[in-house]
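One structure is given below, encoded as structure tokens.
The values are calculated or read from the model by the stated rules, or taken from the named source; none is laboratory data. All of these numbers come straight from a predicted model, not from anything done at the bench. Cβ: placed from backbone, ideal geometry, glycine included. Neighbour counts: every protein chain shown.
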Amino acid sequence: MSHTATLVAELTVLVLAIFLGIEVISKVPTMLHTPLMSGTNAIHGVVIVGAILVAGSHHGTLTTVVGTIAVAFGASNVVGGFLVTDRMLEMFRKRPEADAAEKGGDTG
């Protein structure tokens, strides 16, 4: 397969993935959007593995730089996903009940 045919095939897959992603995300109810996105961001570790493989390959300086940038972006996405998930879980935790003095306003 020539380089041009390979590039066209890869661009076709990219465009189809973009359209599929838009269709899937637009069908998710608003209530589930944030949990789904935070989980998806946390799963983004797969991108980090791919970026490490690209950065570690010996295909030139540009490939190493782009792979390193991809590792940084993937890591920030994973950390952001965990932070958003933690914040969401905090919203569902029970708050400790207020002290009796605070409830009744009795100061003694």
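Every listed requirement among (1) of a type in the set (G, A, S); (2) within 20 Å of I25 (Cα to Cα); (3) at pLDDT 85 or above is met by S38 save one, (3).
For the residues L53, L32, the requirement of being part of a helix (DSSP H, G or I) and farther than 24 Å from M88 by Cα singles out L53. Applying a threshold of 8 Å to beta carbon distances and a minimum spacing of six or more residues, or different chains, the list of pairs starting in segment 45-63 at a residue that is surrounded by 14 or more Cβ atoms within 10 Å (Cβ to Cβ) and ending at one that is in a loop (DSSP other than H, G, I, E, B) and of a type in the set (S, T, N, Q) reads T63/S57. The condition of being in contact with a helix residue (DSSP H, G or I) (Cβ under 9 Å, 6 or more places away or on another chain) and at pLDDT below 85 holds for only one of T30, T85, that being T85.
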